[in-house]
Amino acid sequence: MKDQVLLPKSGLYKANLHCHTTVSDGRLSPLEIKELYMSEGYSIVAYTDHREYVWHKELDDENFLALPAMEADLTEQRGCWPIERTFHFNLFDTRPSKDREGRDFMPHCDYHDKAGVNEYIAKMVEEGFLVCYNHPYWSLQDVTDYCDLKGLFAMEIYNHGSQLEGMYGFAPQAYDDMLRSGQRIFAVAADDNHNVFQKGDVEFDALGGCTYIAAESLTHESVIKALREGRFYWSAGPEMLGLEIKDNTLHINCSPAEKIFVVQNGRNYYRSQALPGETLTGAQFPLTGDEGWFRVEIRDARGQAAGSRAYFIDELL
């Protein structure tokens, strides 16, 4: 395997890739969202209002990037919302234009028409969007719903709003299911914040899930390039402080953690765990080349997780 840096030790931009404002059903304006997130060290927010594409280019400056995006949905029609399954997709625009505002980017097939769902994803990709599959557990979906999806850029492995609402925001098994079904997609963490409750309230749904992006600069072009190439990691609290392959060994550095796991295509895991009362700030694991794919996941003393996207062995040779 080639010696290579998978994630740099520093210089990443902190991003929230799922956010709702007063454009749809959020309580804060786009500007208030910018101010809130910048005050907590964020540089990027994707404005993913429900069914409404808006490019908030006026919010961009040298320290902040407003990614143009929207959230689309497709729901079963069973006449009882609490038990209806639903697809939610975030569309991140790779070639933004004010001319897109007001256009219909919603799916118009039946929920159970999987071919129609995949045709919709393909159409959005052709339009220039990176398509992200959102919060599978909140959506009441299982492997039969998401394993045949095609053309996705990523899925939400952690959705903070869903985690607060019903402890169904963390979905590592869904990500592994998708990988094991043959999908080569990335994983992100995000807030899905609506800001009904204020900062300090236990129901405050912002600042809980983020994606750290290793972009060369804080520009739309550079950030989209980093997202396309998978140069980022997801977090619900801990930090990954470098990930590289050297001499066929995976080197992991992180903020203090209790557990460091390397999940693979099969049931074998590489793992390192701290003794009670102690922590780890890194680990090294020899790679055999038989892993198929692997992803890193770390857990801290509070049980909060962070991790990488899946890396495929055949792409690392």
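The values are calculated or read from the model by the stated rules, or taken from the named source; none is laboratory data. The shown structure was predicted, so the numbers you read here are calculated from the model rather than taken from an experiment. All Cβ positions, glycine included, derive from the backbone under ideal geometry; neighbour counts span all protein chains shown.
Out of the residues in segment 139-151 that are touching a residue at least 40 places away in the same chain (Cβ under 8 Å) and in a loop (DSSP other than H, G, I, E, B), which is nearest to the chain's Cα centre (by Cα)? Across segment 139-151, the extreme among qualifying residues is Ser139. Filter segment 207-241 down to the residues that are surrounded by fewer than 16 Cβ atoms within 10 Å (Cβ to Cβ) and touching a residue at least 40 places away in the same chain (Cβ under 8 Å), then identify the one that is farthest from Gly128 (Cα to Cα). Residue satisfying both the conditions and the ranking: Thr219.
Residues of segment 172-188 include at least one that is touching a helix residue (DSSP H, G or I) at 6+ places or on another chain (Cβ under 9 Å), under 17 Å from Tyr37 (Cβ atoms) and either at pLDDT 95 or above or not in a loop (DSSP other than H, G, I, E, B) (or both). What do you reckon, is Ser162 part of a helix (DSSP H, G or I) and either surrounded by fewer than 18 Cβ atoms within 10 Å (Cβ to Cβ) or within 19 Å of the chain's Cα centre (by Cα) (or both)? Taking the combined requirement at face value, the residue satisfies it. Scanning segment 189-206 for residues that are assigned to a loop (DSSP other than H, G, I, E, B) and touching a residue at least 60 places away in the same chain (Cβ under 8 Å) turns up Asp191, Asp192, His194, Asn195, Val196, Lys199, Ala206.
When Val54 is tested against (1) aliphatic (A, V, I, L, M); (2) over 20 Å from the mean Cα position of the chain (by Cα); (3) farther than 30 Å from Asp290 by Cβ; (4) surrounded by fewer than 19 Cβ atoms within 10 Å (Cβ to Cβ), exactly one condition is not met: (4). Going through segment 89-112 one residue at a time, which ones are part of a loop (DSSP other than H, G, I, E, B), in contact with a helix residue (DSSP H, G or I) (Cβ under 6 Å, 6 or more places away or on another chain) and closer than 12 Å to Glu127 by Cα? Of everything in segment 89-112, just one residue is part of a loop (DSSP other than H, G, I, E, B), in contact with a helix residue (DSSP H, G or I) (Cβ under 6 Å, 6 or more places away or on another chain) and closer than 12 Å to Glu127 by Cα, namely Thr94. Considering only residues that are basic (Lys, Arg) and outside any strand (DSSP E or B), look in segment 281-317 and name the one that is modelled with the highest pLDDT. Only one residue tops the list, namely Arg309. Given the criteria in contact (Cβ under 8 Å) with a residue 12 or more places away in the chain, crowded, with 16+ Cβ neighbours inside 10 Å and under 19 Å from Trp138 (Cα atoms), does Phe89 qualify? When the stated conditions are applied, Phe89 passes them.
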